[in-house]
Amino acid sequence: MYDTAIICFGRRWVSVAIKFCGYSLHTQRFDMTFKPRIPGYLLRLQTEGKCKVILNQKELLVEKGNLLLIHPEDTFELSVESGGNSGDYHVFCEGSWIDSWWCRSDKPSYSQISLDENILGIWRYMILEDRRSVSEKNEEILHYLLRLLCVSLERSANETKLHSHRPYAVTRMMRYIEENASSNLKVEDVAQHAGLSVSRSAHLFKNSLGKTIIAYAHEIQLAVAMDLLKHTTYTLDHIADECGFGSYSYFYRLFKRQYGVSPGKYRSSTKHKAFHAI
């Protein structure tokens, strides 16, 4: 027995079935084989340790950050050595939405992605919702969580593919900056997250993106500030603090240098445009 949600989008009815989802940590010998086919699509993200996989007769070493996207027609074998250590998030699923999602673009069966806490959070939420009793479980929530997980994993895998020239450590630094730019970010924290020295991380980042870690953080901070200026009535001092600039004077200098106007004038111009649009 597994959970099936049927949701109406416009005039189209689509279904999605979650056969099983969870987190596994293997510290002893473990083997799993699906032949001739697996029971649905399998999405599996290695988060700890390593294991060996034979996918369509090709042997792969799966390590931390490796994502497997496996089609029902694939053959799949997995093994963890005795005394080994292997942790992963996984979900078996099927349904018309999954079929459509899979067919709309090429899916890399094996890729390296960042262990993004947002993606892991979606997975944990889905696992907890799936474990609720039948009377408490919300199938619509499960459906949207699975959709969100699929497109998020696809984007992460495509980023790796499109930016194969970019070191994985740089992608890790970018994701960390995007999540923490507004919270008194330090270069030392970014370097530590990537497992590099400060000098090495600074050189690698600048060489790959053509801008410094701090410059990239300022881009994120200013983008957030622009949204707050347009859509809230927060004071300029509050926005400067909320976005991690430390002081309004510093925020003012960066904003005007980037956009050619002060934050106050930018807010006034956007409010004026909004008024005339109404």
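Here, each number is a calculation from the coordinates, and none is a lab measurement. Worth saying up front: this structure is predicted, and the values here are computed from it rather than measured. Glycine also receives a Cβ, built like all others from the backbone with ideal geometry; neighbour counts cover every protein chain displayed.
If you put +1 on each Lys and Arg Cβ and -1 on each Asp and Glu Cβ, how big is the dipole of the chain around its Cα centre, in Debye rounded to 20?
Magnitude of the dipole: close to 1040 debye.
Between Ser197 and Glu48, how many nm apart are label points set 7 Å from Cα along the C-beta direction?
3.2
Relative contact order (percent) for the chain, with alpha-carbon contacts under 8 angstrom and 6 or more residues of separation?
14
If r is the Cβ-Cβ distance from Asn207 to Ser82 and R0 is 41 Å, what FRET efficiency results, to the nearest 0.05?
Step by step, r from the Cβ atoms, then E = 0.45.
Helix-derived [θ] at 222 nm for the chain: sum -39500 (n - 2.57) over DSSP H runs of at least 4, divide by residue count, nearest 500?
After summing the helix terms and dividing by the residues of the chain, the value is -15000 deg cm²/dmol.
Expressed as an acute angle from 0 to 90° and rounded to the nearest 10, what is the orientation of the C-alpha long axis of helix 248-259 relative to the principal long axis of the chain?
In the chain, helix 248-259 runs at an angle near 80 degrees to the longest axis.
Past 31 Å, Cα to Cα: identify those pairs from Lys64/Lys186; Lys52/Lys211; Lys58/Lys206, in the order given.
Result: Lys52/Lys211; Lys58/Lys206 exceed 31 Å.
Starting from the Cα of Lys265, draw a straight line to each of the aspartates and glutamates and keep only those under 17 Å, dropping any in the same chain fewer than 8 residues away.
Counting by Cα, and skipping residues close in sequence, Lys265 has these aspartates and glutamates nearby: Asp227, Asp237.
Ser262's amide H: which non-local residues (gap 5+, or another chain) put their own amide H closer than 5 Å, with H modeled 1.01 Å from N in plane and none for Pro or chain starts?
HN-HN under 5 Å from Ser262: empty list.
With Cβ to Cβ distances under 15 Å as the rule, what net charge do the other residues near Pro36 carry (K, R +1; D, E -1)?
Cβ neighbours under 15 Å give a net charge of -1.
On a full-extension model of 0.36 nm per residue, what is the gain between Met32 and Glu73, subtracting their alpha-carbon distance, rounded to one decimal in nm?
Gain on extension, Met32 to Glu73, equals 13.1 nm.
Identify all lysines with a Cα-Cα distance to Lys137 below 18 Å; exclude those on the same chain that are fewer than 8 residues away in sequence.
Correct list for Lys137: Lys19.
Treating the beta-carbon of each Lys and Arg as +1 and of each Asp and Glu as -1, no other charges, what is the dipole magnitude of segment 3-162 about its Cα centre, to the nearest 20 debye?
200
Just to confirm my numbers, what's the Cα centroid distance between segment 216-261 and segment 84-159 in Å?
After rounding, the separation between the Cα centres reads 35 Å.
Taking 0.36 nm per intervening residue step and subtracting the Cα-Cα distance, what contour gain separates Glu140 from Asn184 on full extension?
12.1 nm
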